[in-house]
Amino acid sequence: MLRTMQPFFIMLVCSWTALFVTALFYSSKHPHSYWIMSVALPAFSVEIVFYLASVFEETRAWFGRINSRALQATILWLSALLPFLIFSSGTGTFQRNAFFLLALLCGVLAYWHVLLPRRPAFDAGFLVVAAAPVILRVFPRIYRSPDEHIRGVDVLGHLTWIRLGIAALLILREWHPGGFGFWPRAHEWKVGILYYLLVVVPICVLALELGVVEFAPLHDSWWRVAGMTLGYFFGALWVIALGEELFFRGVIERALLETWRSPVLAIVISAVLFGSVHLWFRQFPNWDRALLASVLGLGCGVAYARTGSVRSSMVTHAFVVTTWRVLFR
């Protein structure tokens, strides 16, 4: 068993190391914010264990051996509350209403497939519940930074929400999205990069024409730019793309492919739905961002249809996001 779990433990050590370096960097910039090392680091370190466990097939299989689905859901629910309690109690930002809201949201997501039958309508409802807190920006109101100059602690909530959705979908619902995981295979890299190259120019040209962005590449020493580019890419690949591609390609597009047997229709519908979620980006309705996201969705959708793997569409998605952050503002 330990041998099959070796990739998980290697990834865990690498993730903990990256978290420690990141916390060290932020604490050096904000020397009076003691909580970064003493509270935020432990909270994120605990969360990363659950996050990785939800993605690795071996850990999901181990968790799936628990016979009671209700017990599985309860463990998932309680594990979603633990990082919040560590962070909020340690920083003094705990609020009862925020805790109750988080407990309610996580409880609904964790028990959804335990209490409700496996029908398309309820599967669609699960996706709506999964998307709602992200669209409505609920997590910044739950996860509060004790220092107004340091933002982004709500990332802890997003990580929790993503892995809770993954576990509920793949373990409790027993959904099969196709190839799924952190590291794409060789042919998935090739297909993902191919469709990145096909969509990145139209997306960039369209964004510039719409005035959404301006061309402003990162300016710094080459090694810092290279480091930030790698950070952007793997952050996008293993967080943003992993969660979004699983739900839009691994669930929605796959369900449409299996129902109608029409790749074109499945790709277009999943792309339009992907774009529509971006209507709430910064302001509503953000038609420009929705249009750009739909074009990205087409590229990711074709990559998924070609391979049947979420990992290939993750590559396309992550490269586009990285290009956006490195070259444009």
When residues of region 122-157 are limited to those that are closer than 14 Å to VAL251 by Cβ and among the aliphatic types (A, V, I, L, M), the one surrounded by the fewest Cβ atoms within 10 Å (Cβ to Cβ): VAL128
In region 53-72, residue modelled with the lowest pLDDT [restricted to those that are part of a helix (DSSP H, G or I) and among the aliphatic types (A, V, I, L, M)]: ALA61
Residue within region 223-230 that is at pLDDT 95 or above and not assigned by TED's automatic domain parsing to the domain that holds THR22 present: no
Sole exception among (1) exposed (fewer than 15 other Cβ atoms within 10 Å of the Cβ); (2) touching a residue at least 12 places away in the same chain (Cβ under 8 Å); (3) under 20 Å from TYR111 (Cα atoms); (4) under 24 Å from the mean Cα position of the chain (by Cα) for GLU57, by number: (3)
Residue match in region 253-260 (condition: in contact (Cβ under 8 Å) with a residue 12 or more places away in the chain, among the charged types (D, E, K, R) and in contact with a Lys or Arg (Cβ under 9 Å, 6 or more places away or on another chain)): no
Region 135-154, subset free of Cβ contacts under 8 Å to residues at least 12 places away in the same chain and not basic (Lys, Arg), residue nearest to TYR51 (Cα to Cα): GLY152
Residues (farther than 20 Å from PRO42 by Cβ and crowded, with 19+ Cβ neighbours inside 10 Å) located in region 60-91: GLN72, ALA73, LEU76
From SER221, SER270, residue being polar (S, T, N, Q) and under 26 Å from TRP175 (Cβ atoms): SER270
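Taking ARG141, is it under 21 Å from the mean Cα position of the chain (by Cα) and assigned by TED's automatic domain parsing to the domain that holds TRP35? It would help to see each step written out before you state the result.
On the way: under 21 Å from the mean Cα position of the chain (by Cα): yes; assigned by TED's automatic domain parsing to the domain that holds TRP35: yes.
Here the answer is yes, as ARG141 does meet what is asked.
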Only one of HIS278, HIS317 that is assigned by TED's automatic domain parsing to the domain that holds VAL225 and at pLDDT 95 or above: HIS317
Single residue of region 224-271 satisfying the filter (surrounded by 15 or more Cβ atoms within 10 Å (Cβ to Cβ) and acidic (Asp, Glu)) that is farthest from VAL21 (Cα to Cα): GLU253
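The values are calculated or read from the model by the stated rules, or taken from the named source; none is laboratory data. Here the structure is a predicted model, which means the values were calculated and not measured. Ideal geometry is used to build each Cβ from the backbone, glycine not excepted, and the neighbour counts take in all protein chains shown.
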